Amino acid sequence: MAMRKLLLLLKPFDIYPVWQTEGLSRLTNPQVVELQVLRYLENRLKVHKDAINFCQDVLRNKPVEWKPIFRNELSYPIRNVDLVITVGGDGTLLQSSHFIDDSIPVLGVNSDPTQVEEVEECSNEFDATRSTGYLCAATTNNFEQVLDSIIDGRRAPSQLSRMLISVNSQQLSSYALNDILIAHPCPASVSRFSFKVKGNDQSFSPMVHCRSSGLRVSTAAGSTAAMLSAGGFPMRILSNDLQYRVREPISAGEISSSMHGLVKSDQSMDLKWFCKEGMIYIDGSHVSYSITNGDTIELSSKAPSLKVFLPHHLSLQTTEPEH
């Protein structure tokens, strides 16, 4: 398909909590670490702005129509474009995915990649990690090369599985590309729920009853994020399975093996919520839905997939990582 109309979706500048212009001068008797942190944050903002300008300069010299928009200005589905280019990190790509169907491909540009030497230099003072960009196929170093291969039709997108979420048999408008968290809105409160895995033949796994701090369910793309940090395992990026893990189960006892597992592509998970309050957080905290006692939630990987131009090492992944 010819790429004629592009949308440039940008991470906003106010994400970086820095004092503009006279920022450093506002500090009285600043400590060395405070100065380091401020310089680091101001540099991150500069690097991000430079990346946006660079991408726009490249696009000006290409035979395409394009327009820029900040991601926080999106309020309607993205239509009538041939390609969405996100400039930021994985968060910008994730947020854009909530406005894109399965017909428009996405290219992520990591505008502020982590610098290994900087992380090592600052390790005794603060965490200098920048943007991971796990799903981003480009940086400013190779953006034009990657873009040309897409425009010329030499590079094809991969189909990433997304999660379909229904509450009381009503499908939610947002699909999860990364993961969801079902939990009480107060992190100190206990979440009470029960779940079972259902097959296409209407067979069910045994019901699992939980008191915990919630349930996290991830797609393959999200299996290397919070799921991995919580003790899960990385999945093959093109897998259509879901992975689930009960967070901090109380007295799991003999059924501890049921607290972590897979929902295969031909299965779904049925969950019933038993707290007065609850929330479903989709791909972080930006998109959320309230639930209440007695609500039923169904999860599956039957949502429309998302076309993403992946880094080469991910797009070539054919086997499940060891775990």
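The values are calculated or read from the model by the stated rules, or taken from the named source; none is laboratory data. From a predicted model like this one, the values you see are computed outputs, not experimental measurements. Note that we place each Cβ from the backbone using ideal geometry, even for glycine, and neighbour counts take in every protein chain shown. Just so you know, the surface numbers come from the protein's heavy atoms only, side chains and all, with ligands and any DNA or RNA stripped out. Shrake-Rupley method; radii C 1.70, N 1.55, O 1.52, S 1.80 Å.
Note on the chain: with neighbouring protein chains present and a 1.4 Å probe, carbon and sulfur make up 48 percent of its accessible heavy-atom surface.
The loop-placed trypsin sites (Lys or Arg not before Pro) in region 59-112, going by DSSP, that have at most 12 neighbouring Cβ atoms within 10 Å of their Cβ come out as Arg79.
Relative to the longest principal axis of the Cα atoms of the chain, the long axis of helix 32-60 makes an angle of roughly 80 degrees. Bridgeable lysines around Lys196 (alpha carbons under 23 Å apart, same-chain partners fewer than 8 residues away excluded): Lys264, Lys272, Lys276, Lys302. Annotation note: trypsin sites (Lys or Arg not before Pro) in region 86-163 located in DSSP loop regions with a Cβ neighbour count of at most 13 within 10 Å are Arg154. Across the options Met227, Pro77, Ile237, the greatest Cα extent toward the positive end of the charge dipole of the chain (unit charges at beta carbon of Lys, Arg, Asp, Glu) belongs to Pro77. Rounded if a/c is under 1.5, else prolate if a/b is larger than b/c, else oblate: which is region 191-288, with a ≥ b ≥ c the root eigenvalues of its Cα gyration tensor? Rounded shape, in that the Cα axes give a/c under 1.5. When the chain is treated as a Gaussian network with alpha carbon springs shorter than 10 Å, the biggest mean-square fluctuation among Glu65, Glu120, Glu42 belongs to Glu120. Within region 122-162, the chymotrypsin sites (Phe, Trp or Tyr not before Pro) that combine a DSSP coil assignment with at most 15 other C-beta atoms in a 10 angstrom radius are Phe126.
Taking a straight line from the alpha carbon of Lys62, these lysines sit under 27 Å away, with near neighbours fewer than eight places off in the same chain left out: Lys5, Lys11, Lys46, Lys49, Lys307. In this structure the chain gives 50 Å² per residue of accessible area when probed at 1.4 Å with all protein chains present. For the chain, give me the percentage of DSSP beta bridges that are antiparallel, rounded to the nearest 5 percent. Rounded to the nearest five, the antiparallel share is 70 percent. Note on the chain: with a GNM built from Cα contacts shorter than 10 Å, the maximum mean-square fluctuation among Lys264, Lys272, Lys62 falls on Lys62.
A simple count of charges around Leu45, restricted to other residues whose Cβ falls under 12 Å of its Cβ and scoring Lys, Arg +1 and Asp, Glu -1, yields +2. Between Ser97, Ser258, Ser223, the residue with the greatest mean-square fluctuation in the GNM of the chain (Cα pairs under 10 Å linked by springs) is Ser258. In the distance distribution for the chain, Cα-Cα pairs more than 30 Å apart total 42 percent. Other residues whose C-beta falls under 9 angstrom from the C-beta of Val197 contribute a net charge of +2, scoring Lys and Arg +1 and Asp and Glu -1.
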